[in-house]
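The values are calculated or read from the model by the stated rules, or taken from the named source; none is laboratory data. Please read all numbers here as calculations on a predicted model, not as lab measurements. All Cβ positions, glycine included, derive from the backbone under ideal geometry; neighbour counts span all protein chains shown.
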């Protein structure tokens, strides 16, 4: 009976060893597959990031079928203001008021709006004047800088020419002295 138990134990140990070996192989294959998938995911993420790095807001909006509205803000303000005036006019004309009162209210409204428009125009003119003065000052500074650089460059050219002429004069004097010494000797 001990032999039968020993045989059963040996068979069980062999089966456990085989199962352990198969489990290790399967686990190793699974680990390699996961590692390959993780590498592929990392490469794909890197490509997506490099693609997104060069996209701007217009590209993103284009992907979802939208685009940025590039209208002039002054045109939008003018349309809104015009709409408000038309709405106010229609509301005023639909209100039950006598003709004399209506004319008085219209005159008061127009005087108020004219005053506001003048104030805004004066404010904008002041801002434009300030900006023009600032730009003129900057331009004057730039002209002064360029003038200084040109003056400096001309001065350097004059120094170079003067040094060259002085060298030529020295060479001529030396040549005359040699000629004179040769004649005297």
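Matching residues to (1) at negative phi; (2) out of contact with any helix residue (DSSP H, G or I) (no Cβ under 9 Å at 6 or more places or on another chain):
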position: 62; (1), (2): yes, yes
position: 65; (1), (2): no, yes
position: 71; (1), (2): yes, yes
position: 85; (1), (2): yes, no
position: 110; (1), (2): yes, yes
position: 119; (1), (2): yes, yes
position: 147; (1), (2): yes, yes
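For (1) part of a helix (DSSP H, G or I); (2) without any contact (Cβ under 8 Å) to a residue 12 or more places away in the chain; (3) closer than 30 Å to residue 117 by Cα; (4) outside the structural domain of residue 114 (by TED's automatic domain parsing), each residue gets a yes or a no:
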{"position": "52", "(1), (2), (3), (4)": "yes, yes, no, yes"}
{"position": "66", "(1), (2), (3), (4)": "no, yes, no, yes"}
{"position": "78", "(1), (2), (3), (4)": "yes, yes, yes, no"}
{"position": "81", "(1), (2), (3), (4)": "yes, yes, yes, no"}
{"position": "93", "(1), (2), (3), (4)": "yes, yes, yes, no"}
{"position": "96", "(1), (2), (3), (4)": "no, yes, yes, no"}
{"position": "100", "(1), (2), (3), (4)": "yes, yes, yes, no"}
{"position": "103", "(1), (2), (3), (4)": "yes, yes, yes, no"}
Q. Regarding residue 29, is this residue surrounded by 10 or more Cβ atoms within 10 Å (Cβ to Cβ) and free of Cβ contacts under 8 Å to residues at least 40 places away in the same chain?
A. yes
(Q) Going through 5, 16, 106, 49 one at a time, which residue ends up being at pLDDT 75 or above, out of contact with any strand residue (DSSP E or B) (no Cβ under 8 Å at 6 or more places or on another chain) and loosely packed, with under 10 Cβ neighbours inside 10 Å? (A) 49
